[in-house]
Amino acid sequence: MSRLARLLHPQSIAIVGATDRPGSYAANTIGNLQRAGFGGRLVGVHPERSQALGVPCVPSLAEAGAVDAVVIATPAASVPDLVHQASLLGCGGAIAYAAGFAEAGRADLQQKLLRAAGPMPVIGPNGNGVVAVAARAPMWGDDARLPDEPGNIGLVTESGNIGVIALGHRGGLGLRTVVSTGNSAVVSAAEVLTYLANEPGIAAVALYLESDGDGQQWCDALAACAERDVHVVALKTGRSTRGAAVGAAHTAAIVGDHGVFAAMVTEAGGTLVAEPGQLLETARALASGRRDPRDAAIVTCSGADAAIAADLAADLRVRLADLLPQTVDALRAALPEGATASNPLDHTALLWADEEGIAAVTEAAGRDAQVGHLMYVQDEPAHLGAAAAGEWLVTRQGALLGGGRAGQVPMLVATTPGQAPPGAIEGLGNALRAIHVLQQPAPDAARIREIGSITAACAPEGREPLDEYQAKELARRHGIEVPAGELAQDAEQAVRAALLLGWPVALKAVDPSMAHKSERGAVILGLTAESEVRLAARRLLELGTAVLVEQQVPAGIEVLVAARSNGVVPTLTVGLGGIWAEALRDVAVIPLPATAGRIRVGLDSLAAAAVLHGGRGQPPAGLDELCHLAERVGHLLIAGRLHLVEANPVIVGPGSAIAVDLLIR
């Protein structure tokens, strides 16, 4: 059993610092529990009070006993000792509201809290607490109202305010468990996700995150979700670039830490959003849907809604069904004159408030053998009169009735926030984003756990940086194709190397601290004579400690291939490269390890995929060679326990892929 079980399903709660002072976290918590109808034992702890808001108080935690949940509503300095007492008593866990720990520069106090907890879980500090809807237990520092019934959505948030927003959004519709992890001193967001993945009744989990956390923990949690097909939606803030090891590399500027986190979540079948409303409604859509590889059909009573839905479906890569001939025939029989049997489908206002007529239309669309997802779009304006509201209700009831007859569970969707009928998803984009996920195969839990294992095993070792010649020698030993080259310490050695290699040659200044050589004027190409090599070598020796003389690779497509290990998990980045890499930012980010086949999928997802596939008189690039080179770059990073291996550019031609510039940190 998870150590979080008692804390998140409490039958007994002690509130330390119990008071009836209005607005205090302790008083708010007591009021929340009383309004919610918490049916278990509730006791206050206060040395001078006999009761608080009608709740009996005892002078010490020891007298409260081994309760399931200890809510600590006292100042930061007192929290570690109280946590230690609770742990010794055998309590199920604690919630610490107080701020004033690591976020306020008191890392020492947070470490003291961690030590005090021992094996006991602690949520917080610097958070809003826990809302367990099924247990009618809102252990929450702000005012909280619970939905009437527990839903099937979990919310894990590193911001208490996002929890407040979620509970207030449409009355907390669909929520089952809310955990505000705060500083995550003892219990991380990943640990809570693992628990929720195995919690009966949870179909989707929404995550609001401000920090990366531990990659292996996240992979374990995401794998647990994959095993039970619990959907994950994440809103992750912070798109900054960190890490001195890649500060000079294109990869850091292009991908950043946020891109690495996004790649991990996406690989695990999750989806990322940018706003709280998207987070909550996409989670609701996923929790209400079912995984099915077939296409989607969209029915509405508005031509505008149909057109907008078609565009959004294309943007979000949702596959819409090309309706079968027999479906088109059935729709033509059911639709009024002038309506077009298409997908998305506008049944027109001529069927408004015609329950059986709309049922016939949605049944016909839903019975199409290619349709696995059926959506009905309807907004309901506020303040409708009784008669008008009845017409809107009959209209959508017809859609739901017809979908049910077809064996579908129609997804009711409103285009505009604030105008959603009861039970509808707010926002076409949120619904379609969910359908895109539901059309994909279930994620591979074994693959996710493998990423976590690699993350734990390949922590970089501190070593001196390599210059380009050393980097290429190392790469060559790992099967990565690089140009033939020789190292020269002076101009005459450079000339002899050029004669040995054959014309034309390229010369580069060699210095382990130098990146982006072209921007420093440290690369000279197309040399075809001894005099040119001699002059170029003398100039480059002023920039570096030696000169690398290489056979010049014929022109081809320039591609970036880079592996890095300083994100939340190690990743491989592939995309168009050269001097335009940062400007174009057309890359795929793939968690390691990555096979050539997985890399091919990433390359095919690029906007520039057509360039690599050839066409318009151009031969196809050596995609197989490129994928195998990229696979070996990832292996080199892992085997060498390196921070960064960046090949930029890799020159890709017909049947070849050669790393002409290589940076290893």
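Every number here is computed from the coordinates shown, using simple stated rules; none is lab data. Here the structure is a predicted model, which means the values were calculated and not measured. Glycine also receives a Cβ, built like all others from the backbone with ideal geometry; neighbour counts cover every protein chain displayed.
A compact table of results
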read-out	value
Degrees separating the helix 468-477 axis from the principal Cα axis of the chain, which is the longest one	80
Whether the chain is rounded, prolate or oblate, judged on the alpha carbon gyration tensor where a/c under 1.5 counts as rounded	oblate
Within the stretch 422-490, trypsin sites (Lys or Arg not before Pro) in DSSP loop having at most 14 other beta-carbon neighbours inside 10 Å	ARG463
Mean Cα-pair separation over length for the chain, i.e. relative contact order, pairs under 8 Å, 6 or more apart, %	9
Calculated FRET value between GLN34 and GLN470, using beta carbons and R₀ = 60 Å, to 0.05	0.30
Inter-site label distance for GLU149 and ASP311 at 7 Å from Cα along Cβ, in nm	3.8
Cα→Cβ-extended label distance, 7 Å offset, between ASN198 and GLU210, nm	3.0
Whole-Hz ³J(HN,Hα) from phi, Karplus 6.51 cos²θ - 1.76 cosθ + 1.60, for the stretch 591-599, glycine and proline x	x, 8, x, 9, 7, 4, x, 5, 5
Ascending count of other beta-carbon atoms within 10 Å, so fewest first, for ASP305, ASP143	ASP143, ASP305
Charged-residue dipole, Cβ positions (Lys, Arg, Asp, Glu), the chain about Cα centre, Debye nearest 20	1180
Zero-based 5 Å bins, Cα pair distances in the stretch 484-551, whole percents	3, 22, 35, 26, 11, 3
Between 0 and 90°, nearest 10: helix 386-405 axis offset from the chain longest Cα axis	60
Crossing angle, helix 215-228 versus the chain [Cα axis fit, 0-90 degrees, rounded to tens]	60
Calculated Rg and Dmax of the stretch 402-451 using C-alpha coordinates, Å	15.4, 45
Spin-label pair ASP229/ASP604, simplified geometry with 7 Å Cα→Cβ offset, distance in nm	2.4
Fewest-first sequence of PHE38, PHE101 by Cβ atoms within 10 Å of each Cβ	PHE38, PHE101
Order of SER565, SER605 - criterion: other Cβ atoms within 10 Å of each residue's Cβ, fewest first	SER605, SER565
Estimated [θ] at 222 nm from DSSP helical runs (n ≥ 4, -39500 (n - 2.57)) normalised by residues in the chain, nearest 500	-11500 deg cm²/dmol
Förster-model FRET efficiency, 51 Å R0, GLN370 and ALA457, C-beta, rounded to 0.05	0.70
Volume per residue of the C-alpha convex hull in the stretch 557-664, rounded to whole Å³	89
R0 of 22 Å, Cβ-Cβ distance SER518-GLN618: FRET efficiency to nearest 0.05	0.35
